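So the structure is just underneath, and the comments pick up after that.
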Amino acid sequence: MTTLTFFLLASLLLLAIGLAGLITRRTLVGMLISVELMLNGAGLSIVAAYKSTAASDVLGQLATLFVMGLAAAEATLVLAMILVVHRRFGKVTTKEISLLR
């Protein structure tokens, strides 16, 4: 097996753990962590793909930095929404928030 295969399996594992966490978590913070894991898996696969092809390594690094920037912006917005929901309802579990409508 090549190193590309190992990196892609690791990124697939991160994606699977993130998806399982997104499905099973009940709190908004747990869901945010799961989405972050999925984005880290995507960044790892981008770097591995660019490292093993003839394309420039700089392009892979820039694409991964773009994914990391998106993840940081997403985390900031979601944490702000979680604070608003917690102040308004006093709870951050998805089941209780959907029942409060």
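Would it be correct to say that residue 32 is in contact (Cβ under 8 Å) with a residue 24 or more places away in the chain and either crowded, with 17+ Cβ neighbours inside 10 Å or at positive phi (or both)? The answer is yes for residue 32. Being among the charged types (D, E, K, R) and at pLDDT 90 or above, is that true of even one residue in the range 16-39? Yes, because at least one residue in the range 16-39 is among the charged types (D, E, K, R) and at pLDDT 90 or above.
If I filter the range 61-75 for residues that are of a type in the set (Asp, Glu), in a helix (DSSP H, G or I) and in contact with an Asp or Glu (Cβ under 9 Å, 6 or more places away or on another chain), do I get at least one hit? Scanning the range 61-75, I find at least one residue that is of a type in the set (Asp, Glu), in a helix (DSSP H, G or I) and in contact with an Asp or Glu (Cβ under 9 Å, 6 or more places away or on another chain), so the answer is yes. I'd like the residue in the range 9-29 that is among the small types (Gly, Ala, Ser) and crowded, with 16+ Cβ neighbours inside 10 Å and, out of all such residues, is nearest to residue 93 (Cα to Cα). If we take residues in the range 9-29 being among the small types (Gly, Ala, Ser) and crowded, with 16+ Cβ neighbours inside 10 Å, then 21 is nearest to residue 93 (Cα to Cα). Looking across the range 35-53, the residues that are in contact (Cβ under 8 Å) with a residue 24 or more places away in the chain and under 14 Å from the mean Cα position of the chain (by Cα) come down to 35, 36, 38, 39, 40, 41, 42, 43, 44, 45. Please verify whether residue 78 is touching a residue at least 60 places away in the same chain (Cβ under 8 Å) and assigned to a helix (DSSP H, G or I), treating the condition exactly as stated. For residue 78, the condition - touching a residue at least 60 places away in the same chain (Cβ under 8 Å) and assigned to a helix (DSSP H, G or I) - is not met.
The values are calculated or read from the model by the stated rules, or taken from the named source; none is laboratory data. The shown structure was predicted, so the numbers you read here are calculated from the model rather than taken from an experiment. FYI the Cβ positions are ideal-geometry reconstructions off the backbone, even for glycines, and counts take in every protein chain you see.
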